[in-house]
Amino acid sequence: PLTMRAVLTGMIKAHEIQGCIALENSFNKVGLDHVVLVKVASTAVVAQMLGLNRDEVINAVSLAWVDGQSLRTYRHAPNTGSRKSWAAGDATSRAVRLALIARTGEMGYPSVLSAKTWGFYDVLFKGQPFRFQRPYGSYVMENVLFKISFPAEFHSQTAVECAMQLHDRLKSLGKSADDIASITIRTHEACIRIIDKKGPLNNPADRDHCIQYMVAVPLLFGRLTAADYEDDVAADPRIDALRDKITCVEDPAYTRDYHDPDKRSIANALTVSFTDGTQLDEVACEYPIGHKRRRADGIPLLEAKFRTNLARIFPARQQARILEASLDQKKLEAMPVHEYVDLYVI
């Protein structure tokens, strides 16, 4: 039977394929959703797991590229919606389907990327071939970002950390949101392009892609949870009033560090100015808690998050069995996949 080691290896490969393509090639700048890479990477990995030979794997990957690709429509105003929460799952399911099709002997399309006029580059990538920063290895998984503290789009994670600090500072000064004249967020280009959002927010999916919303809530309430994106919380007029006072400005140094392979920072810095003309010292955060550079802080919190979510579903004895298997790497790698999955059956 397939072992969990094979699954973990497949995870590394899928992350690496998707990530190494994404490092130098911006799909959102041409209006495509990055889940195309989820589909391509998953197709390659699943094809290998199914035992396809080299030519069959190539055929499968070509089918993924020639397939229709998702627009980013559902990630941006005025159409931001819940599809962004299931788009990756949809892409992986499509990947399995394409790998199974290739296994039947279905032909591939060798120049699916580069064919003049009809290839992916000309039709969907403004005629530009892909560029690569590094060969495939394990760089992406080693630099993977864990979403630990806040259910927030990753370009805003450090801004939320800053906002939490500022909430405590405002409280100690006896000031409220009514005393704030403006807030400036010094940030990186990708943040502005993806989540700098003014105007009405129509649903939770719209709100969790708006940095102004994700800063306003912790400033007001000292928290940011999944429930804070729902309509009942969003109806509080203080949130939109504070959103209107928040402006993003790009710091070119933050943008450079965001793209620097050795840093991969996701920096934000907040400055609060008051109606009386005074302002607080800027609060800055370059690396979110889930970043590689903060593993010592992050891993214990990540494990605690795992335990918390297990406790929401499973009885204590079952939680213990899952934890025993999951936290012992040698034991986990040797387990057959079906035995590990069975641990989660109630």
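Out of all the residues in the stretch 312-341, which are open to solvent by less than 80 Å² (accessible area, probe 1.4 Å), acidic (Asp, Glu) and assigned to a helix (DSSP H, G or I)?
Within the stretch 312-341, 333 is the sole residue that qualifies.
Could you please find all residues in the stretch 205-259 being over 23 Å from the mean Cα position of the chain (by Cα), closer than 22 Å to residue 148 by Cβ and of a type in the set (Val, Ile, Thr)?
233 - this is the single residue of the stretch 205-259 that is over 23 Å from the mean Cα position of the chain (by Cα), closer than 22 Å to residue 148 by Cβ and of a type in the set (Val, Ile, Thr).
State whether the residues of the stretch 174-190 include one that is within 23 Å of residue 74 (Cβ to Cβ), of a type in the set (A, V, I, L, M), open to solvent by less than 40 Å² (accessible area, probe 1.4 Å) and touching a Ser or Thr at 6+ places or on another chain (Cβ under 7 Å). Can you show your working first?
Within the stretch 174-190, the subset within 23 Å of residue 74 (Cβ to Cβ) is 189-190.
Now drop any that are not of a type in the set (A, V, I, L, M), which leaves 190.
Imposing the further condition that a residue be open to solvent by less than 40 Å² (accessible area, probe 1.4 Å) reduces the set to 190.
Narrowing the set further to residues that are touching a Ser or Thr at 6+ places or on another chain (Cβ under 7 Å) leaves none.
The answer is no; no qualifying residue exists.
Would you call residue 29 under 26 Å from residue 258 (Cβ atoms), within 20 Å of the chain's Cα centre (by Cα) and surrounded by 20 or more Cβ atoms within 10 Å (Cβ to Cβ)? Working first, answer last.
Details: under 26 Å from residue 258 (Cβ atoms): yes; within 20 Å of the chain's Cα centre (by Cα): yes; surrounded by 20 or more Cβ atoms within 10 Å (Cβ to Cβ): no.
Considered against the rule, which asks whether it is under 26 Å from residue 258 (Cβ atoms), within 20 Å of the chain's Cα centre (by Cα) and surrounded by 20 or more Cβ atoms within 10 Å (Cβ to Cβ), residue 29 comes out as no.
Taking the stretch 96-138 as the region of interest, how many residues are touching a Pro at 6+ places or on another chain (Cβ under 8 Å) and in contact (Cβ under 8 Å) with a residue 12 or more places away in the chain?
The initial filter retains those residues of the stretch 96-138 that are touching a Pro at 6+ places or on another chain (Cβ under 8 Å), namely 113-114, 121, 133-134.
Adding the requirement that they be in contact (Cβ under 8 Å) with a residue 12 or more places away in the chain leaves 113-114, 133-134.
Final tally of qualifying residues: 4.
So residue 228 passes all but one of these: (1) among the acidic types (Asp, Glu); (2) out of contact with any Asp or Glu (no Cβ under 6 Å at 6 or more places or on another chain); (3) open to solvent by 10 Å² or more (accessible area, probe 1.4 Å). Which condition number does it fail?
All conditions pass for residue 228, except number (3).
Tally up the residues in the stretch 1-26 that are part of a loop (DSSP other than H, G, I, E, B) and either exposed (fewer than 15 other Cβ atoms within 10 Å of the Cβ) or modelled with pLDDT under 95 (or both), please. Talk me through it step by step, then tell me what you get.
Filtering the stretch 1-26 down to residues part of a loop (DSSP other than H, G, I, E, B) leaves 1-2, 25-26.
Keeping just the survivors that are either exposed (fewer than 15 other Cβ atoms within 10 Å of the Cβ) or modelled with pLDDT under 95 (or both) gives 1-2, 26.
Qualifying residue count, the stretch 1-26: 3.
Residue 123 fails exactly one of the following numbered conditions: (1) open to solvent by 30 Å² or more (accessible area, probe 1.4 Å); (2) closer than 24 Å to residue 257 by Cβ; (3) aliphatic (A, V, I, L, M). What is the number of that condition?
Among (1) open to solvent by 30 Å² or more (accessible area, probe 1.4 Å); (2) closer than 24 Å to residue 257 by Cβ; (3) aliphatic (A, V, I, L, M), residue 123 violates only (2).
Within the stretch 208-216, is there a residue that is assigned to a helix (DSSP H, G or I), of a type in the set (S, T, N, Q) and either within 25 Å of residue 33 (Cβ to Cβ) or open to solvent by 30 Å² or more (accessible area, probe 1.4 Å) (or both)? Can you show your working first?
Of the residues in the stretch 208-216, the ones assigned to a helix (DSSP H, G or I) are 211-216.
Retained after the next criterion (residues that are of a type in the set (S, T, N, Q)): 212.
From what is left, the residues that are either within 25 Å of residue 33 (Cβ to Cβ) or open to solvent by 30 Å² or more (accessible area, probe 1.4 Å) (or both) are 212.
Yes, the stretch 208-216 has at least one match.
The values are calculated or read from the model by the stated rules, or taken from the named source; none is laboratory data. Because the structure is predicted, anything quoted here is derived from the model rather than measured. Counting neighbours? That spans all protein chains shown, and the Cβs are built from the backbone with ideal geometry, glycine included. We work out accessible area using only protein heavy atoms, side chains counted, and drop any ligands, DNA or RNA first. Shrake-Rupley method; radii C 1.70, N 1.55, O 1.52, S 1.80 Å.
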